[in-house]
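Report on one structure; see the data block that follows.
The values are calculated or read from the model by the stated rules, or taken from the named source; none is laboratory data. Bear in mind the structure is a predicted one, so any value in this text is a computation, not a measurement. Neighbour counts are summed over all protein chains in view; Cβ atoms, including those assigned to glycine, are modelled from backbone coordinates with ideal geometry.
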């Protein structure tokens, strides 16, 4: 089975639809105003309402309240949640339970930032509460989309109890190497397929997806 590809930081319908048509498995939208790739949930709702069912719609949150996350998910039609802050394993469990009561199946990705080590709580703490781990580059002033690659050796020496997505500085030029070295479940790219912040280069998206899908 080929690696899953997530195109993240989408800010408009044209880029989002192009990502779907070019073969992305998941598309991600940043709902945090501190990000230069922020998009309002109501805009995303209009963009994704006619998406192919097979494409996962990912909402990225950072340290929001449980009720706020649930409200946005129920209103907007997302089927994946990416938690990019210090959300606890207990938070993840409660989120799944609340959405289950509302009969909304959801997939949870938990982001960990990596410098010379994995910052914060060990990913192993989340082995029972999330579906996937996601590893992005640590930056003291940015929540993601840095365009910077972290030292992949950190992951090589870290036992991981869940399937994971590799992010952080990926591009069409290095995604094959990342997949070959780390064997992730999926890869996640934002700035590496942009022509400017928040605006995607469709040729780069195409090249990224082709390179990722053709790596064994």
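Please work out which residue is farthest from residue 158 (Cα to Cα), limiting yourself to the stretch 94-107 and to residues that are surrounded by fewer than 20 Cβ atoms within 10 Å (Cβ to Cβ) and under 19 Å from the mean Cα position of the chain (by Cα).
My answer is 105.
For the stretch 163-181, does any single residue satisfy the condition of being free of Cβ contacts under 8 Å to residues at least 60 places away in the same chain, surrounded by fewer than 23 Cβ atoms within 10 Å (Cβ to Cβ) and closer than 17 Å to residue 18 by Cβ?
Yes, that holds for at least one residue.
Note down all Cβ pairs under 6 Å where the first residue falls in the stretch 15-29 and is assigned to a loop (DSSP other than H, G, I, E, B), the second is surrounded by 18 or more Cβ atoms within 10 Å (Cβ to Cβ) and at pLDDT 95 or above, and they're at least six residues apart or on different chains.
Sorted first by the residue in the stretch 15-29, then by its partner, the pairs are 22/205; 22/209; 23/209; 24/5; 24/7; 25/4; 25/5.
Out of all the residues in the stretch 74-93, is one or more in contact with a helix residue (DSSP H, G or I) (Cβ under 8 Å, 6 or more places away or on another chain), on the phi > 0 side of the Ramachandran plot and surrounded by fewer than 20 Cβ atoms within 10 Å (Cβ to Cβ)?
yes
Residues of the stretch 60-89 being in contact with a strand residue (DSSP E or B) (Cβ under 6 Å, 6 or more places away or on another chain) and closer than 18 Å to residue 103 by Cα, which ones?
The answer is 69, 78, 79, 80, 81.
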